Amino acid sequence: GQNIDQPTEMTATEGAIVQINCTYQTSGFNGLFWYQQHAGEAPTFLSYNVLDGLEEKGRFSSFLSRSKGYSYLLLKELQMKDSASYLCAVRGNYGGATNKLIFGTGTLLAVQP
Amino acid sequence: DGGITQSPKYLFRKEGQNVTLSCEQNLNHDAMYWYRQDPGQGLRLIYYSQIVNDFQKGDIAEGYSVSREKKESFPLTVTSAQKNPTAFYLCASSRKTGTGELFFGEGSRLTVL
């Protein structure tokens, strides 16, 4: 079956670094996405990993290990506006369906002063 | 500016009534999707469409219907057969090429009274 696990909530301090983990078990693997979602708003795309290793994009980095079924999102120099839910999503091989993603439940990050 | 427009943003419905949520995109994307988001749960796929005049059921299609008569439009009807329709509904689209990340609309919050 398909399963994606993330911590439900995390708290961090402004200016610090936080790592949000995601583990997955899916039918095949064809890419992992991280999205940011502020309360009541649409998710916005943050990063994409399909090969093992680290992808860096400004203050945000994402890491993937396909053999371990594991990814993390690293947020540096935290700002208050980073308080949001962070969604991990995996694209698998689902009977020829293109771009069908399975989403985790999301990690609600609270950044404190 | 290109994007995805969902309407209405908020909708109230009496039990037993059907309601249609609109989703329009001007990104020239081939694929479109409808997700449902409930508290404490990940986004769940209702229906998706990879090309005009074709669509497939997602993981929770019961009680919903869609059409894809135009590339730009993918309306979702929540029927009276849907037992628990109160939720936040998100429409998304994606390209066939590149990373294939989803672009989301702002969402429609449906409340059944």
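For this structure, a couple of remarks:
- Each Lys or Arg adds one and each Asp or Glu subtracts one; over the other residues with Cβ under 11 Å from the Cβ of B:Thr111, this totals +3.
- Rounded to 0.05, the FRET efficiency of the B:Thr79 and A:Leu54 pair, given R0 = 30 Å and the Cβ-Cβ distance, is 0.05.
- The residues packed around B:Ser7, meaning those with a beta-carbon under 11 Å from its beta-carbon, carry a net charge of -1 if Lys and Arg are +1 and Asp and Glu are -1.
- Accessible area in the full protein assembly, largest first, 1.4 Å probe, for A:Thr8, A:Thr23: A:Thr8, A:Thr23
- The mean number of Cβ atoms from other chains found within 10 Å of a Cβ in peptide B:50-59 is 2, as a whole number.
- Radius, Kirkwood style, for the protein assembly as shown when every pair of distinct Cα atoms is counted (Å): 18.1
- Distance between modelled label sites at B:Thr5 and A:Tyr70, nm, 7 Å Cα→Cβ extension: 4.7
- Longest stretch of chain B clear of exposed loop sites (GluC sites (Glu not before Pro), DSSP loop, at most 12 other Cβ atoms within 10 Å, sites excluded): B:16-61.
- Buried surface between chains B and A: roughly 1700 Å² of accessible area, summed over both sides, computed with a 1.4 Å probe on protein heavy atoms only.
- Inter-probe distance in nm under a simple model that places probes 7 Å from Cα toward Cβ, at A:Ala110 and B:Asn53: 5.4
- Averaged over the residues of A:15-23, the number of partner chain Cβ atoms lying within 10 Å of the residue Cβ comes to 0.
- Gyration tensor verdict on chain A (Cα atoms; rounded if a/c is under 1.5, prolate if a/b is larger than b/c, oblate otherwise): prolate
- Convex hull volume per residue in cubic angstrom - Cα atoms of chain B: 99
- Take region B:1-73 with all the other protein chains still there, run a 1.4 Å probe, and you get 55 Å² of accessible area per residue.
- Exercise: per-residue mean of other protein chain Cβ atoms within 10 Å, B:40-46: 5
- When the solvent-accessible area of chain B is split by element, carbon and sulfur atoms take up 47 percent of it, the probe being 1.4 Å.
- When the solvent-accessible area of chain A is split by element, carbon and sulfur atoms take up 48 percent of it, the probe being 1.4 Å.
- With 25 Å as the limit on Cα-Cα distance, the pairs of A:Lys100/B:Lys71; B:Lys9/B:Lys70; A:Lys81/B:Lys83; B:Lys9/B:Lys83 that go past it are A:Lys81/B:Lys83.
The values are calculated or read from the model by the stated rules, or taken from the named source; none is laboratory data. Predicted model only: the values in this text are computed from it and were never measured. Don't worry about glycine lacking a Cβ; one is built from the backbone with ideal geometry, like all the others, and counts go over all protein chains shown. Heads up: the accessible areas ignore ligands, DNA and RNA and are worked out on the full protein's heavy atoms, side chains in. Shrake-Rupley method; radii C 1.70, N 1.55, O 1.52, S 1.80 Å.
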